[in-house]
Amino acid sequence: MSPSPPRPQARAGRRLPAAAVVLAVTAGSLLGAAAPALAHGGDDLAPHVDSRRVAEEVRQDEVAALGQEHAEEHARMRAAVRGIGDYPQTTRTNRYNALTASQADRNKAFAPETWGAFKEYFPSPDFGDHVALLPTGKVLLFSFERIETNPEKEPAPTQTTGKENAGRAFLWDPAKGTGKEAFKQVNPPTADMPDGLDQPRPVPFFCSGHSFLPNGMLGVFGGNLGGNGGTGAKLSLVFDPWTETWTRNPDMSVGRWYPSVVTGADGRQLIMSGQSELGYGTPTPVVERFPAKAFPVPVKKTDTPANTPVERFKADAPFSFDYPHLFSLNDGNVYGFGRAANEQWRFDPVAETRADLTARPDGRKRNYGSAVMLPAGANGPDSALILGGDRDNPGTLRFSNGSWTAEKSRAFGRTQDDTLLLPDGRLMTVNGAYDIRDYGNGPYNPNADLKYRQVELRDDQGNWQLGPVQRLPRGYHSNAVVLPDGRIMVTGDELQELANNPDVNGTVSGVPGTAGPITMNGTIEIYEPPYLHQGDRPALANAPTAPVGYDKKFTVTSTTPGLAARAVLLAPTTSTHSVNTSQRHIDLRLTSRAGNRLEFQAPPDAKAAPPGWYLLFLLSDKGVPSVAQWVQLSPSA
């Protein structure tokens, strides 16, 4: 790939024209991947731009770096985007109606007991670019204050400095239904960011990384200061689900835009990668740990990490590309699966060292695609499956015991997909796109190849099969979460949410935590997997309310003990950009039965299941799950 040209600096308080974002797309930046269709196909995408307008857009630094012909292609795209006007509400409404009708028609062919079914679809006040299922049963959604409603432009303030570059967050409480009363605004702390403008606002934590602490709190690291193609923020935050408040801790040593975070067996978080405070093109190799070793790991609900710093980890992680997949496998090591085939590493959290792993055998870069730790019984996961991230490659690769093997492929290549571990141990993929900001018809064109709406289900033999279609195509910034009742929440992708909003500027009042009317920017869709259509569910009546120790026996009760064949722990999801470092599936060892009481044995140690809160499901012999209850694993229990 040719080197990227210099990125233009946004003026303070102003958004960069969408044309500059398209330049980022053609140059292969994070905002647009390496889009060959743009880099060598400008005439096809913008055939009616006259030569005078192209000449006005030619930049001499691009000519010097890329050559006259390639620089003119970039200029042609900038000129074309400058001609884009608003996106009509009639188009949004017509699109939404067409997608609704086609979904109903397509899904008639899919029997729910075999394929599952999409059910509810409702507005949300947040785009849902970041999600976390909290141990209260509520879902935290956060993103940014939009600067555009036109889905053919960049709605996020990536290139904006000042007060417009602000974060926002909401809680959705499924127990309260789907109306506005089910949402509560919980914005991050207000601060004056280090951009020299003296404009305090809710801190811009979008495009951060996050994972859970052992006490159920969510650590959130990094964000975007705006300008210079995406400048990393040094933010270190904790969201407390018990009080529903944020705490800001001392900054990290480096800025991080697009970092990954994983919780290890010791309950501490490792933070890697991300573009630094110098701007796009400066990925940091620095690894940091939270909390620093001199500070205790938070275990109790009241252990709020306040004034708690990060510290430098001894080994570096020189990932070339952002958001690597990080997993804590059952040997206690953290495995970093980078997007470049030759950037695969093992990190020892105790010795603070890094070791090389065998390069991924496909030899190709995988962009934002999913990965998941595979179930391996009671001893925790010892392998990971790498999927997606390559629109031309449907193949999946399993890493286990230091080597790679090919698993059965999915139906087609997709990026921006979300693959979930279900309570029954099977996998499902939802969401996906052709590339970043490209749904199959060119960047910043929301008209999607509709195959990406179709979910894929993986059976016990590893076979993938295409299933029903979701309402919206969802690609970049899409997310999915397994809820405690076994349903799947699907959200995210602000471009598609804006392109298909029947009332894009409509507002509602009465959302808790807000002072006035608020725009319902996003949407949520609910999918019911096949197991919710395959017979009666076991009933989990009581589960331990005190923390459970490793390898200890504990008792649950069920009003339907005859239906309960086994039990599993499922770690809750927190994800963004197809990265989900937290989800984990553990089989519990059944040690005895007596009437309505079932005794199980907890995972053997923290390597099998890092300390924290887990969903406990009972399952029938058909794999039908109960409604889950929350239990906490703690080494001090």
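Suppose we filter segment 392-407 for residues that are out of contact with any strand residue (DSSP E or B) (no Cβ under 8 Å at 6 or more places or on another chain) and acidic (Asp, Glu); how many remain?
The qualifying residues number 1.
Hey, can you tell me all the residues within segment 421-458 that are farther than 29 Å from PRO572 by Cβ, touching a Gly at 6+ places or on another chain (Cβ under 8 Å) and part of a strand (DSSP E or B)?
ASP435, ASP438, PRO443
Just the residues that are part of a strand (DSSP E or B), hydroxyl-bearing (Ser, Thr, Tyr) and buried (at least 16 other Cβ atoms within 10 Å of the Cβ), please, taken from segment 551-568.
SER558, the sole residue that qualifies.
Can you give me the number of residues within segment 569-607 that are in a strand (DSSP E or B), open to solvent by less than 50 Å² (accessible area, probe 1.4 Å) and of a type in the set (Val, Ile, Thr)?
The total comes to 4.
Sort out which residues of segment 400-420 are among the charged types (D, E, K, R), in a strand (DSSP E or B) and in contact (Cβ under 8 Å) with a residue 60 or more places away in the chain, and write them in order of number.
ASP418
Out of all the residues in segment 227-249, which are assigned to a loop (DSSP other than H, G, I, E, B), at pLDDT 95 or above and of a type outside the set (Lys, Arg)?
Of everything in segment 227-249, those that are assigned to a loop (DSSP other than H, G, I, E, B), at pLDDT 95 or above and of a type outside the set (Lys, Arg) turn out to be THR231, LEU235, PRO241, TRP242, THR243, GLU244.
Search segment 104-124 for residues being outside any helix (DSSP H, G or I) and aliphatic (A, V, I, L, M), and hand back the single one that is least open to solvent (accessible area, probe 1.4 Å).
Among those that are outside any helix (DSSP H, G or I) and aliphatic (A, V, I, L, M), it is ALA117.
Could you please tell me which pairs satisfy a Cβ distance under 7 Å, a separation of 6+ or placement on different chains, a first residue in segment 515-537 that is farther than 11 Å from ARG487 by Cβ, and a second residue that is open to solvent by 50 Å² or more (accessible area, probe 1.4 Å) and part of a strand (DSSP E or B)?
Short answer, once both residue conditions are applied: PRO517/THR507; ILE518/THR507; THR519/THR507; MET520/PRO123; THR523/PRO123.
For segment 189-225, what are the residues that are open to solvent by 10 Å² or more (accessible area, probe 1.4 Å) and among the small types (Gly, Ala, Ser)?
ALA191, GLY196
Spot the failing condition for GLU244; the list is (1) among the acidic types (Asp, Glu); (2) over 25 Å from LYS300 (Cβ atoms); (3) out of contact with any Lys or Arg (no Cβ under 6 Å at 6 or more places or on another chain), and only one is missed.
Failing condition for GLU244: (2).
If only one of GLY369, GLY377, GLY338 is over 23 Å from ASP392 (Cα atoms), modelled with pLDDT of 95 or more, small (Gly, Ala, Ser) and touching a strand residue (DSSP E or B) at 6+ places or on another chain (Cβ under 8 Å), which one is it?
After applying the criteria, what remains is GLY377.
The values are calculated or read from the model by the stated rules, or taken from the named source; none is laboratory data. All figures in this text were calculated on a predicted structure; none of them were measured in a lab. For neighbour counting, all protein chains shown are included, and Cβ atoms are generated from backbone atoms with ideal geometry for every residue, glycine included. Areas reflect the complete protein model, heavy atoms only, side chains present, ligands, DNA and RNA absent. Shrake-Rupley method; radii C 1.70, N 1.55, O 1.52, S 1.80 Å.
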